[in-house]
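The values are calculated or read from the model by the stated rules, or taken from the named source; none is laboratory data. For clarity, every value in this text was computed on a predicted model and none was experimentally measured. Neighbour counts are summed over all protein chains in view; Cβ atoms, including those assigned to glycine, are modelled from backbone coordinates with ideal geometry. Heads up: the accessible areas ignore ligands, DNA and RNA and are worked out on the full protein's heavy atoms, side chains in. Shrake-Rupley method; radii C 1.70, N 1.55, O 1.52, S 1.80 Å.
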Amino acid sequence: MNILVCVKRVPATGGRVTLTGDGLAIDARFLSFTISPHEECAVEEAVRLVEASGGGTTTVLTLGAEAAADQLRDALAVGMTRAIHLVTDGEDWDPMATAAAIVGVVRADAAEGFDHDLVLFGNEAADSGDYQVPIRVAAALDRPWLTGVKGLDVEGTSVRARRDGTRGQEVYHVPLPAVLAVREGLNRPRYPSIPGRLRAKKVAIMATRPERQVGGPTMIRLRVPDEEDAQVHVLGTGAEAAPAVVDLLESLGLVNP
Amino acid sequence: MSGLGAGAVIVFVEHATGEPAPASLAALAVARGLADALGAPLEAVALGEGAVAAASALGAHGLGVVHVAHDDKGDAGRPFDTPALPGRLLAHLLVTNAPRALIAAATARGTETLAYAAALTNLPLAAACTQVSAADGEDPARALSVTRLRWGGSVLEEARLDGATVLLTVADGAGADGAVPAPPAGAPRIITLADEGGQPDTRVRLVERVASAAGGVSLAEARVVVGGGRGVGGPDAFGLLEELAALLGGTVGVSRVVTGAGWRPHSEQVGQTGTRISPDLYIACGISGAIQHIVGCRGARAILAINTDRDAPIMARATYAVVGDLHAVVPAIIAELRRRGATPGA
Amino acid sequence: MADLPSRARAIIIGGGIMGSALVHHLALQGWSDLVLVDQGPFPNTGGSTGHSSAMVWLPEASRVLTAASVDSVRQYKELGVHTTVGGLDLGRTPERIADYRRRIGFIRTWGDFQAALLSPAEIRALVPYLDDSVLLGGLYLPSTGVVDAIRAGTLMREAATAAGALQAFPLTEVLGIDVDQDRVTGIRTDRGAIRSDVVILCGGVWGPKLAAMAGASVPFTPGIQQLVSVGPIAAFANLPGEIDFPIIRDSDPRIYARRVGGDMEVGSAGHRPMLWDADRIPSLAEATLTPTELPFTADDFDASLESALELFPSLFDDERAGIRYAINGLSSMSADGLPIIGEQPEVRGLWSANRVDIKMAPAVARTLATWLVRGMPETALQPFDLARFLPHERETSYVKARATEMWTRMYERLHPARELSSARDQRHSPVHDRLVALGAQLGEQAGWEIPKWYAANEPLLDVYGSRVLPRSHEWDARWWSPIANAEHLALRDGAGIEDLSSQAMFEVTGPAAAAWLDGLSVSAIGGAEGAAGGAEGAAGGAEGAAGGAAAGPRRAVRTWLLDPAGGVVDDVLVVRVEAARLLVLGSPASEARLAQWLTRHLPTDGTVSLHNATGAWAALGAWGGHARELVAAATGLDVGEPAFPRGGVWDAGLGGAAVLVVRTDRLGGPGWELLLRADDGVRAWDALVAAGGPLGGVPVGSIATATTVRLEAGLRSRSLDYVGGYGLVEAGVAGPVRESPFVGRDALLAQVAAGPAALLCTLGVDDQRGPDGEARFMQGGEPVTTRDDAILVDARGRRSFVTSAGSAPTLGRHLLTAYLPVEHARVGAPLAVQYFGMPYPVTVLAVGSDPVVEPSPRTRA
């Protein structure tokens, strides 16, 4: 089968986030970059599915600045075989423009004989959290879609997809070709092997500069929420603090003495 | 402008057993604020079995008009069993009514439904907003200003939403304060959504429900969560945390480092890409406090951090702290609980 | 946490391995009221110690580093944090294998270390996962091990705390260092201020920032070394412990690999150099891991991955073995790759201990603690002394350029005559253009560009033919030319003109100047009255004798400066120009050490003034068979005895310039040094060269003067012969010890009384033919053995090694000097030297400072 996975380059944040002076982006001076977490699982799933199906291609696609090629290499290093880079000047595109550009790729691939049975996305990008690109792409292509997928099995021409529901897990029938938005927990993504990394270096990434369509919403600027100034109340140090902790538990009504 | 609700602010209300869901009511508060600011009517839309009952209840929240569909019982009353249908219904509403805004709570279902409606109508959608208002210096009929969550809420984005008709989802926690008092109750007018005609899109359909495992406390619902991070050191030492959680009638949660290392299953992960928890107390052991983890536990009423590092980022978010090694502190807490014969609170 | 004390005996900033080891040793040596602060948490403060692979190779790359590693390993073993696993240095090329044979020779002189050259099959038996098909062999160092450095630091801090000597405060950020009138008075932190007049910076990559708080600087730069961890490794799944088989180092791609539990850690020194700036180091809060674990740049590591895959295909060619940890690790890099330890010259009481690896830290800590507590550095620390840096070596651009070059040359086969190519042309002699015009082949010492030989002398090769002892082997001929030997012969037959303008020169003035210098010098300098030195008999050392009637107080004396333990600080020429004005002349490489030593001993009452005049004077040397005639012709001075005795100082004119003429006989036979103002240098050079023409005078480079002529004359090398704790007695240059006090006198007397356990001898190589018949030329450092290959060890356990080596064209032999146990120190003793693993027979030609070649009758003045 052929699978297309769409990924986004995001900073790997740590314990605190600071913004650039102009408030337009995260200050990533000391941060490394990664594929957004849900999408890492999408990449892993695609590799597994095609391995299991005994044939086909996996294509990784990103829309982003030149440096996002690193993320394509990371995906290639874990087994994806084809890579497409929609190169932008680095500014975040809104979800409508992003979806339009991705739809363009799917149609262009189809014209070249690459029909993707599955287009996989992460449920939402860790940074922008728009929750809509997968569905917009599906709607434009008039393909069946499902979001929040945490488990899936390919059964011939359809997929059995699981996700959390309001009362337990829900299992859906999704006929192929389809668009799925998956969540972390779908699988445990593998790390790239050394041969994988070295193979990835040799793959030619197909790069183009797409036209940016008008859409929305438009980001004006970012800001960090005000932190409450409360001082943490230190109950004690080491094992000696245990009585104070249990006193707290009792006072919160979490245990009955 | 065509039909009723033109230029209105419409809220998509989720419901259960005939009552509007609390998240939707919070979204309603935000929507009301916008409607008042715009001088626009405030309406709601509810789908599926029980929608009419929920609609009536909405009268108490000051709604005069509620659009409903699929209030039937049986298959016809469960539009969400085919995920494309609710969004399609709302898309039809958008096209026929051209409201100023369609707003929903940013639940999984609400988000998905509005995203599809936006996709079908090629309208812009701002997800996870904390506030929406007229944009400064702009015509409120064409531009709105929103604040929305990035990084699960660790960063806020000021954005502009352009267009005569726009969609928004409202983030959990927004609208809790500053709620505009509801006008006097009255029975709302209930309008059945016109049928779009044609075959409904049932390509994707629910085929099975798997109930949660019997017994045990779900992470999302637990009153007490005992969390473990890198400081636990390996899969074996989690037994300590499980023991403590059991004594407190709670459950174990973990950080992304732990699931990434394969020590514990992803179902236990607390964080932006895992589960958001809202216990009365979250005991974070050996967790440094990455912002994505904080996103997952900020709903906790109180946080107790146990960490050797007094300056770990989690300390800035914690209510209480014990500075020490969890491998010494947790057994001591367990011993003290046993010594006092403590049992989980009611 | 407890409050910060308001004052402390000493404040140590930095709780990594260096700071932790230091507080431990300070406490052991009796100091208390110590305070250690670190901005990070314990036990892993977030510095380089935390992510280091903590390997301790034993032996190390040099004698000094090995000695420090031995001491450190002993301490780590006592702490129970050291695991011996062995280390394997791989060899992919014949040159590398040959180099391992050479290293094994050096190792034999450093101690009883195990070291063996293994075949590929033996390597495979030791490390089954290694693909030996790419290898020719390897050097196995079984004593190599790994250390849990974080645990070691914790134990050392805890020991000092338990002894009541230390309070340690993590999570305490230093905001400022207070200085008053160039003395440190304390620090300010985000938790309060602490007063102390001793502050020691052990801040790792934060060192420059900390020093700057006090208005001081430490010349090193942070830099990146990448490492990754790959796993799970299928073959390690059921192995116990953290590590079992040896650490592997592959010196050509410059990677290393060691097992860490279920993973294989691969580090690289083979990627492009990536120096870093102190202001690009994230704070603890900004860093995702720690401030010294920076985001990995994958592209830079790919070549290393390929090498790793090539070495360990069975481990790494496995899709399940993932790269699951990867960092650009930050650590400190200095211009010469060595630690930097000492008291900051800008601020008294402010000390730094930087660029100290885990393998060195406990040893350095012990020595530094001794220095701090007792005020006297052990000579072992001298190569690491902060005071070694000259002004140009403290410039950021220099540090970066050299650190970059040293990075790219890490693990290279280190040639003893190696020249670096970055940051050259720091200092030029006043006659530099003349030297270049003569085709000078320049080598660097202390930033000076110094001719080793002159291409313009190439026609001399035809004159001397095979007497120039040509070298055919590429290694032996590096940074060498037979022209140097031709210059040597031409010097003997005619005269040699040498540019000495790069020598270290200090002017000492004031009413007490001579007396002061006299108190530092083995030889008498003479008090205020003048010829007192003569009245007290011979000054120490054969070269220092004033001989006949001295011409008043103007005298030049060859002497030594000793430290209180009797170790040789330097070998200098003291020229008394006037009663209250003297010059101290040393080699170019001595400048920093002399500056520090002289400054440190300067009296504070203003009776002596010291001025570093290096570079302000031009200096020329005239040596060789017709040197006397050359000087006479150039200056018009009557240079015959008794008017011109050794040690004499005269004013003259040279090429229209005023010159001070000093007869130093520095190369054995009569020799003169001419000192002038730098501006007059070119004029004087031209005049000397012109005068030399008809006499067969030629410009000569440093190989001829500092090596070959010196060796034939039985003279000591300032830089090579006083190492290893051998003093003047064993160097064969101690004469009767004079009565007047001088620093080191008691120790020297004790050395004389005890008698030598070894003596520095000159040996000639009897047969230079190597395994394929090619003549080989030892370079220095080689072990000296009996003819049966038993290493020579003296009664004090010191092993004999070649201190310097060079051609003796006059004799037609290759000469070596070495300290031999006294029972072997006799002319004619048959011995051997091992070079690249092969023995070569040698014979003792001279003992002590006896010349091998007597000055010819006509050259005896």
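The condition of being within 30 Å of A:Thr18 (Cβ to Cβ) and among the basic types (Lys, Arg) holds for only one of A:Arg223, A:Arg162, that being A:Arg223. Name every residue in the stretch A:146-159 that is within 15 Å of the chain's Cα centre (by Cα) and open to solvent by 20 Å² or more (accessible area, probe 1.4 Å), in order of residue number. Listed by number, the residues that qualify are A:Thr147, A:Lys150. So is C:Glu122 more than 22 Å from C:Asp357 (Cβ to Cβ), in the same structural domain as C:Thr49 (by TED's automatic domain parsing) and free of Cβ contacts under 8 Å to residues at least 60 places away in the same chain or not? For C:Glu122, the condition - more than 22 Å from C:Asp357 (Cβ to Cβ), in the same structural domain as C:Thr49 (by TED's automatic domain parsing) and free of Cβ contacts under 8 Å to residues at least 60 places away in the same chain - is not met. Considering A:Arg143, A:Arg162, the condition of being free of Cβ contacts under 8 Å to residues at least 40 places away in the same chain, at the interface with chain B (Cβ under 8 Å from one of its Cβ atoms) and either surrounded by fewer than 24 Cβ atoms within 10 Å (Cβ to Cβ) or farther than 30 Å from A:Lys202 by Cα (or both) is satisfied by A:Arg162 alone.
Listed by position, the strands (runs of 3 or more DSSP E) inside the stretch C:140-184 whose residues that are touching a residue at least 60 places away in the same chain (Cβ under 8 Å), open to solvent by 30 Å² or more (accessible area, probe 1.4 Å) and of a type outside the set (D, E, K, R) number at least 1 are C:166-169, C:174-180. Counting only helices (runs of 4 or more DSSP H) that sit wholly inside the stretch B:276-345, those with at least 2 residues that are under 15 Å from B:Gly228 (Cβ atoms) are B:291-297, B:326-339. Between B:Arg88, B:Arg32, the distinction of being within 14 Å of B:Thr113 (Cα to Cα), out of contact with any helix residue (DSSP H, G or I) (no Cβ under 6 Å at 6 or more places or on another chain) and part of a helix (DSSP H, G or I) belongs to B:Arg88 only.
Residues that are facing another protein chain (nearest Cβ under 7 Å) and free of Cβ contacts under 8 Å to residues at least 12 places away in the same chain do occur in the stretch A:176-194. Sub-7 Å Cβ pairs linking a first residue in the stretch C:228-249 that is closer than 21 Å to C:Tyr140 by Cβ and more than 14 Å from every other protein chain (Cβ to nearest Cβ) to a second residue that is among the acidic types (Asp, Glu) and buried (at least 20 other Cβ atoms within 10 Å of the Cβ), at least 6 apart or interchain, are C:Arg249/C:Asp89, ordered by first then second residue.
Residues of the stretch C:309-321 that are touching a Phe, Trp or Tyr at 6+ places or on another chain (Cβ under 6 Å) and crowded, with 23+ Cβ neighbours inside 10 Å: C:Phe312, C:Leu315.
Against the conditions (1) open to solvent by less than 30 Å² (accessible area, probe 1.4 Å); (2) farther than 18 Å from C:Leu620 by Cβ, C:Ala734 satisfies every one except (1).
Scanning the stretch B:326-341 for residues that are facing chain A (nearest Cβ under 7 Å) and either among the acidic types (Asp, Glu) or more than 14 Å from A:Pro257 (Cα to Cα) (or both) yields B:Ala328, B:Val329, B:Ala332, B:Glu336. Only strands (runs of 3 or more DSSP E) whose full extent lies in the stretch C:201-298 are considered here, and the ones with at least 3 residues that are open to solvent by less than 10 Å² (accessible area, probe 1.4 Å) and not charged (D, E, K, R) are C:220-231, C:263-268. Of all residue pairs spaced 6 or more apart or on separate chains, those with beta-carbon atoms under 6 Å, a first member in the stretch B:248-265 that is under 27 Å from C:Ile323 (Cα atoms) and assigned to a loop (DSSP other than H, G, I, E, B) and a second member that is open to solvent by less than 40 Å² (accessible area, probe 1.4 Å) and at pLDDT 95 or above are B:Ser255/B:Gly229; B:Ser255/B:Ile287; B:Ser255/B:His293; B:Arg264/B:Val254; B:Arg264/B:Val258. Scan the stretch B:116-175 residue by residue and report those that are open to solvent by less than 10 Å² (accessible area, probe 1.4 Å) and among the polar types (S, T, N, Q). Of everything in the stretch B:116-175, those that are open to solvent by less than 10 Å² (accessible area, probe 1.4 Å) and among the polar types (S, T, N, Q) turn out to be B:Thr147, B:Thr169. Screening A:Arg209 with (1) at pLDDT 95 or above; (2) surrounded by 15 or more Cβ atoms within 10 Å (Cβ to Cβ); (3) not aliphatic (A, V, I, L, M) gives one miss only, at (2). Scanning the stretch A:3-18 for residues that are open to solvent by 30 Å² or more (accessible area, probe 1.4 Å) and at pLDDT 95 or above turns up A:Lys8, A:Arg9.
Return yes when C:Gly647 is modelled with pLDDT under 95 and either surrounded by fewer than 19 Cβ atoms within 10 Å (Cβ to Cβ) or within 34 Å of the chain's Cα centre (by Cα) (or both) and no when it is not. Criteria met by C:Gly647. Residues that are part of a strand (DSSP E or B), more than 7 Å from chain A (Cβ to nearest Cβ) and not aliphatic (A, V, I, L, M) within the stretch B:118-158 comprise B:Cys129, B:Thr130, B:Gln131, B:Ser133, B:Ser145, B:Thr147, B:Arg148, listed in sequence order. Would you check which residues across the stretch B:271-329 are among the polar types (S, T, N, Q), surrounded by fewer than 24 Cβ atoms within 10 Å (Cβ to Cβ) and more than 22 Å from A:Gly185 (Cα to Cα) and list them? Passing the criteria: B:Thr308, B:Thr319.
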